[in-house]
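Contents: one structure, followed by commentary.
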2 protein chains.
Amino acid sequence: MTVWDRPEPPTRPAPLDRERIVAAAISLADEGGLEAVSLRKVAARLDVGPMRLYGYISTKEELFDLMVDEVYAEILPEERPGDWREALHILAHRTRQATRRHEWLADLLGGRPALGPNALAVTETTLAAFDGLADLETVARAVETVSAYFTGAIRREIANLRAERATGLSDRDWQRASGPHVTRMLATGRFPALAKFVHDGTEVDADVSFATGLDWVLDAVAAKLARPSA
Amino acid sequence: MTVWDRPEPPTRPAPLDRERIVAAAISLADEGGLEAVSLRKVAARLDVGPMRLYGYISTKEELFDLMVDEVYAEILPEERPGDWREALHILAHRTRQATRRHEWLADLLGGRPALGPNALAVTETTLAAFDGLADLETVARAVETVSAYFTGAIRREIANLRAERATGLSDRDWQRASGPHVTRMLATGRFPALAKFVHDGTEVDADVSFATGLDWVLDAVAAKLARPSA
DNA sequence: TCTCGGCAAAATACAGTGTATCGACATGAG
DNA sequence: CTCATGTCGATACACTGTATTTTGCCGAGA
């Protein structure tokens, strides 16, 4: 018995329903991050006592699951992608865009299996793009590998973005941005490769680094699909 | 000014120090997960009032950062890897093993930039393995892409593991394990590809699926290192 | 030796959290 | 008109991270 099994409460549910609860929670999270979402605040925003929510949701984690699935509705592409590569490409970019709109998604991505109806629809569309192209085992590996990549990449990107924001400095000025600690560490000479990196590295655009890494991984998948044994 | 800049308190620090605090927090987390770590419980385990901790740590998030860096000490390989591929391979597998020992690491991985001394040492070793092999830009892309992959893969693996544990069923019995919801969804016929997948798919070993995905990504990186423009 | 000042540590305090429980009220049935 | 049901609100509890106040010790000066 998970969230998804719970039926909408029977009839006269007042002006309150799950959709409204989830929407309130999402707007709260959009404004103040995940930690700004408390059942009391969600309830307050709906002019309702905190306990009312438990008629629609049985735990805060469930609310998070519902929020995530709501965002998967934004991720689902509106038109069926042409081939598997386009499908994964679009999925990755739409997930990233959604995370841009809902930064808190980065904190939840990959944290639990996504089994809501919208997430399932996304998975369906993705798998459908592989129809007849390879054995299920290979398809699974392909989808999971690409998903793991963009999930991890998005999380790191948001983590860096927040760090920059907290220090007010750019990612390129890594040393200063991270406080004297890193600078001092580098000065010890114990990290020559890292030091050279920080010193000579050029500022990289997050968009292109995400897209480039994605292309690499997609190339890898393409190679495996072409020669399944390799 | 970050955690790493804070000096150990001057001299007579009682039998208490950061190491002991972090160790207590880690053992608490190992036993009961991240949510079992509260400053009060950590303090209690050290026979100390909760406020004592604030002489060594200024926020709970800092404690988490310290815990993560402590685990990076386990991740750091004891001998210098032969080439870049071995370096990334080892890094990925050691990170996964560490997460197996400290499951809570999955919740923190990629959530914040890892800038502790041990994390820096790990980065140093990894970068050093690329010395002279390619321009910095390419090296960055290589390391970040592989890291994104294994970070995401480890998180998903732990997420699935927990879901299995919660339902007591195997990942292969996805439908039942996820409660009637998924089963019912699949029965609607709206997800034919997914249904076929769940129905025909074979149980996959987490070890091999992690290793296989990793090899794919490493192959991709190798291809790019060989032909930098491609 | 006694007293006082400073300071580390402990106790208390506060605002908030998720959630359980209980009491009132309103609404429908007989 | 009465009574039962069941929904909703208020209250309560155990806990959180952290700020503030109180305590008590220990060394310096008289």
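Summary of computed values
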{"read-out": "Whole-Hz couplings from phi, Karplus 6.51/-1.76/1.60, listed for segment A:76-85; x for Gly and Pro", "value": "3, x, 7, 10, 4, x, x, 9, 4, 5"}
{"read-out": "Estimated inter-spin distance, residue A:73 and residue B:184, nm [label 7 Å along Cα→Cβ]", "value": "1.8 nm"}
{"read-out": "Position residue B:78, label points 7 Å along Cα→Cβ, spacing to each other copy in nm (shortest first, one decimal)", "value": "5.9"}
{"read-out": "Computed magnitude of the charge dipole of the protein assembly as shown (debye, nearest 20; Cβ of K, R +1, Cβ of D, E -1)", "value": "1040 debye"}
{"read-out": "Label distances, nm, residue A:19 versus same residue in remaining copies, Cβ-directed 7 Å point", "value": "5.9"}
{"read-out": "About the Cα centre, charge dipole magnitude for chain A (Lys/Arg +1, Asp/Glu -1 at Cβ), debye", "value": "860 debye"}
{"read-out": "For residue B:165, inter-copy label distances in nm, listed shortest first [label point 7 Å out on the Cα-Cβ vector]", "value": "3.1"}
{"read-out": "Environment charge at residue A:73 (Cβ cut-off 13 Å; Lys +1, Arg +1, Asp -1, Glu -1)", "value": "-3"}
{"read-out": "Order of B:200, A:17, B:107 under a 10 Å beta carbon neighbour criterion, fewest first", "value": "B:200, A:17, B:107"}
{"read-out": "Charge sum, other residues only, whose C-beta stays under 12 Å from residue A:224's C-beta, Lys/Arg counted +1 and Asp/Glu -1", "value": "-3"}
{"read-out": "Gain upon complete extension [residue B:203, residue B:223; 0.36 nm per residue less C-alpha separation]", "value": "4.1 nm"}
{"read-out": "Estimated FRET transfer efficiency (residue B:59, residue B:86; beta-carbon r; R0 41 Å; 0.05)", "value": "0.60"}
{"read-out": "Sum of -39500 (n - 2.57) over DSSP H runs of 4+, divided by residues of chain A (222 nm, nearest 500)", "value": "-20000 deg cm²/dmol"}
{"read-out": "Set A:60/A:224; A:41/B:41; A:196/B:41 screened for pairs whose C-alpha atoms are more than 32 Å apart", "value": "A:60/A:224; A:196/B:41"}
{"read-out": "Check: segment B:78-137 dipole with +1 on Lys, Arg Cβ and -1 on Asp, Glu Cβ, in debye", "value": "360 debye"}
{"read-out": "For segment B:201-222 and segment A:146-163, distance of Cα centres in Å", "value": "20 Å"}
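FYI, it's all coordinate maths here, none of it is from the lab. These figures come from a predicted structure and were not determined experimentally. Note: ideal-geometry Cβ built from the backbone for every residue, glycine included; neighbour counts use all protein chains shown.
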